[in-house]
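Only one structure is covered here, and it is reproduced in the block below.
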Amino acid sequence: MKSIVILISGRGSNMEAIVRAAIPGARIAAVISNRPTAGGLAFAADHGIATEVVDHTTFADRAAFDAALAEAIDRHTPDLVVLAGFMRVLTADFVRHYEGRLINIHPSLLPSFTGLHTHKRALEAGVRVHGTTVHFVTAELDCGPIIIQAVVPVMDGDDEAALAARVLVQEHRIFPQAVRWIVEGRVSVQDGVARVAGASMPAGLISPLPEEA
């Protein structure tokens, strides 16, 4: 059984998708938020999952917050730490501590549109496709090895809200899928590239690279 800790900052819809997936071999050990008002905490508690708040506003600097956050996470001895709408930039020391077992979902087709305001920037750039990416977290923001992506079309007349809603549907598909592959031991990173061994691909998603023999 793999122990998973999920970090959220708000409503936690991607966390909900992972919980509802009921992935065999996975146990959601805790949901931790940096915001006491995060709506996802109630959902987690209602599903019998331990919750905790590490309020970033009570710490003098980012390093002190990250140290307290790591202490809270490590009490659950996680095999995997999942950033599910966790809106904090993490220090390099924190990322190194969880190297190879820290994943994030980003609302763009990385490496395009790293950082914030991805939907607005995609519309301004005039791209015809947009999407979402699950990737391993590295010290360089939104640049870690890509596990899985999903593409959505950009429609005439789209605004940020419409495009974001279309992307969110796909986020809820690919995040549980990525977690499932990791729990099953299918994901490896070779020369900075994530590969997936023997995984079937749900329709409409971008296939990961196969693991090399």
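The values are calculated or read from the model by the stated rules, or taken from the named source; none is laboratory data. Here the structure is a predicted model, which means the values were calculated and not measured. Quick reminder, even Gly has a Cβ in these numbers, built from the backbone with ideal geometry, and neighbours come from all protein chains shown. SASA here: full protein model, heavy atoms, side chains in, ligands and nucleic acids out. Shrake-Rupley method; radii C 1.70, N 1.55, O 1.52, S 1.80 Å.
Against the definition (touching a residue at least 40 places away in the same chain (Cβ under 8 Å), open to solvent by less than 60 Å² (accessible area, probe 1.4 Å) and in contact with an Asp or Glu (Cβ under 6 Å, 6 or more places away or on another chain)), how does residue 182 come out, yes or no?
Values: touching a residue at least 40 places away in the same chain (Cβ under 8 Å): yes; open to solvent by less than 60 Å² (accessible area, probe 1.4 Å): yes; in contact with an Asp or Glu (Cβ under 6 Å, 6 or more places away or on another chain): no.
Criteria not met by residue 182.
In the stretch 45-96, how many residues are within 26 Å of residue 116 (Cα to Cα) and of a type in the set (Gly, Ala, Ser)?
Here the count works out to 9.
For the stretch 8-65, how many residues are touching a residue at least 40 places away in the same chain (Cβ under 8 Å) and either aromatic (Phe, Trp, Tyr) or on the phi > 0 side of the Ramachandran plot (or both)?
2
Could you list all residues from the stretch 91-111 that are more than 16 Å from the chain's Cα centre (by Cα) and among the acidic types (Asp, Glu)?
Once the filter is applied, which keeps residues that are more than 16 Å from the chain's Cα centre (by Cα) and among the acidic types (Asp, Glu), the stretch 91-111 yields only 93.
Taking the stretch 139-150, which residues are buried (at least 17 other Cβ atoms within 10 Å of the Cβ) and out of contact with any helix residue (DSSP H, G or I) (no Cβ under 6 Å at 6 or more places or on another chain)? Walk me through it before giving the result.
Applying the first criterion (buried (at least 17 other Cβ atoms within 10 Å of the Cβ)) to the stretch 139-150 yields 142, 144-150.
Residues satisfying the conditions are 142, 144, 145, 146, 149.
For residues that are touching a helix residue (DSSP H, G or I) at 6+ places or on another chain (Cβ under 6 Å) and either part of a strand (DSSP E or B) or open to solvent by less than 10 Å² (accessible area, probe 1.4 Å) (or both), tally how many sit in the stretch 1-13. It would help to see each step written out before you state the result.
Residues of the stretch 1-13 that are touching a helix residue (DSSP H, G or I) at 6+ places or on another chain (Cβ under 6 Å), as a first pass: 2, 5-6, 8, 11-12.
Now drop any that are not either part of a strand (DSSP E or B) or open to solvent by less than 10 Å² (accessible area, probe 1.4 Å) (or both), which leaves 2, 5-6, 8, 12.
Number satisfying all stated conditions: 5.
Can you find, within the stretch 151-166, the residue that is surrounded by the fewest Cβ atoms within 10 Å (Cβ to Cβ) among those that are in contact with a helix residue (DSSP H, G or I) (Cβ under 7 Å, 6 or more places away or on another chain) and assigned to a helix (DSSP H, G or I)?
In the first step, residues of the stretch 151-166 are kept if they are in contact with a helix residue (DSSP H, G or I) (Cβ under 7 Å, 6 or more places away or on another chain); the result is 152, 154, 158, 160, 163-164.
Next, from what is left, pick out any that are assigned to a helix (DSSP H, G or I): 160, 163-164.
Working: 160: 14, 163: 21, 164: 16.
Taking the candidates together, the pick is 160.
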